[in-house]
Structure formats: structure tokens, C-alpha cells
Amino acid sequence: MILKESLAQEKPYEKFIALGPEALSDAELIAIILRTGTRQCCALELAKQVLEKTGGKEEGLNCLHHISLQELMELPGIGEVKAVKLKCMAEMAVRMARQRVARELKFDSPSSVAAYYMEEMRHQENEKILLLLLDNKLNLIEEYMISLGTVNSSLLSTRDVFIRALRCRASHLMLLHNHPSGDPKPSRQDILITRKMKQAGELMDIPLVDHIILGDGIYTSLKEEDLL
């Protein structure tokens, strides 16, 4: 107990060596990446400023997904190198999450598809639509961003979807997009677009397997909801 109380006053690096990473707070983890602060504040205080930068929009280390490189560099003591390191931390978290579920990824399983793309897309501040082009065994041929919309809506062209599908010689396709609100409940527009895409797929003999909407840690499969 005395050792822990003493180390609480020490630098995060020394605390890591003595107690391991699980003993560190979010601010202490960031402070280790920053290494140095300024004359006015230490690395730990600077790390706390990073965590507060989003104004409560996102808590903890997830705030790094919502801070731009430029916004980080606005903090005294954070230049381009430190800002890049912090953004790399966020990207590493996304890739590690995807690698954990990659072995279970099956495109006939909405839950596994949602798990694979969740960490990448749930932090997006705008709607992003991915077109997943699949072969006749439902293996992924290509992942293509078909649209990047506003915070409330995206533009999706049926023509663009099937031009891409034909170029890749896809046998099936799947749509995947996020709702920045965190609520994956499909809108009326989502349902209409899905039905339009399904009808076009039947005519082109490139069926739509599913349309999955990602929220914040939860998803909706229009196939599972019998809306496809």
C-alpha cells in the first residue's frame, strides 16, 4: 500500500515499470506517449488537456478518434510529432479490434460483419457507406467506400454500386453504413434504398446479401429484421 501511494506521485513511466500498464489511468498512458510537457505543465497535465479537448463529446481514450491532427497541435506542448503519435494510438486500437474478430468474420453472419467493422465506423462523425463486393462463396473481393455524407444523410447511387460490382466481377454485394447518432435503427430512407438496391440486384443477378447499420456498439441487420 505504501509503495502504491508513493508511486502515485511518481512519473507514469516509473509507475508502469513497477505496477504494469493496468495500473495507469488514461491520462498516464497518454503521458507516456507524450514523454515531455512544457515549462508550464508536465506531460501528465498535458495529457489531461488532451482528454478534455473534445468537451465531453467522448470520454476516455476514445476522444482520440474525434480530435484532428490540427486540434491536437493547438495545445501548447504538442507539435506534429506528438500529434501523429496520438492519432496512431487511435488507429492501432481500431486495427487491433479488427484483428481480434477477423478469424470469425463470415459475410453470411451479420453479427461477425458488424463486429469486424464496428470499431472503425462507430467513431465516424459523418455517415459513411461501404460497399462490400463478394464472390459466389461470399468471400470478400473488394471493400469500397461508395459515399461519405453529412452527419444526417448519405448519397447512394444504384448506378455506381453496380458499375463497381461488374468491374470486380462480384457475385453478391453487401451494404454497410454507420449512424453517427449511435442509434442503428433504420430510417425510412435506409429501408427504401435497401429495397431499391435489392430489386436492382435481382435484375442484374448480383443479389444484395444484407444492409447492416452500425451504431455505437450495436447494429441492425435489415436482413435479420426482415426488411430486405
Inside region 198-226, can you point out the residues that are open to solvent by less than 50 Å² (accessible area, probe 1.4 Å), over 30 Å from HIS66 (Cβ atoms) and under 25 Å from the mean Cα position of the chain (by Cα)?
LEU208, VAL209
Output the qualifying pairs, or none if there are none: Cβ atoms under 6 angstrom, residues six or more apart or on different chains, first residue in region 75-94 and at positive phi, second residue in a helix (DSSP H, G or I) and modelled with pLDDT of 90 or more.
GLY77/LEU46
Considering only region 37-59, state which residues are open to solvent by less than 50 Å² (accessible area, probe 1.4 Å) and at pLDDT below 85.
THR54, GLU58
Of the residues in region 169-197, those that are crowded, with 17+ Cβ neighbours inside 10 Å and farther than 19 Å from LYS128 by Cβ come to ALA170, SER171, HIS172
Count - residues of region 180-214 that are in contact with a Pro (Cβ under 9 Å, 6 or more places away or on another chain), not in a strand (DSSP E or B) and not β-branched (Val, Ile, Thr)
2
Considering only residues that are surrounded by 16 or more Cβ atoms within 10 Å (Cβ to Cβ) and more than 16 Å from GLY60 (Cβ to Cβ), which ones fall in region 13-31?
LYS15, PHE16
From the option list ARG103, ARG122, single residue qualifying as out of contact with any strand residue (DSSP E or B) (no Cβ under 8 Å at 6 or more places or on another chain) and among the basic types (Lys, Arg) is ARG103
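The values are calculated or read from the model by the stated rules, or taken from the named source; none is laboratory data. Just so you know, these numbers come straight off a predicted model, no measurement behind them. Quick reminder, even Gly has a Cβ in these numbers, built from the backbone with ideal geometry, and neighbours come from all protein chains shown. Quick note on the areas: whole protein, heavy atoms, side chains included, nothing else; ligands and nucleic acids left out. Shrake-Rupley method; radii C 1.70, N 1.55, O 1.52, S 1.80 Å.
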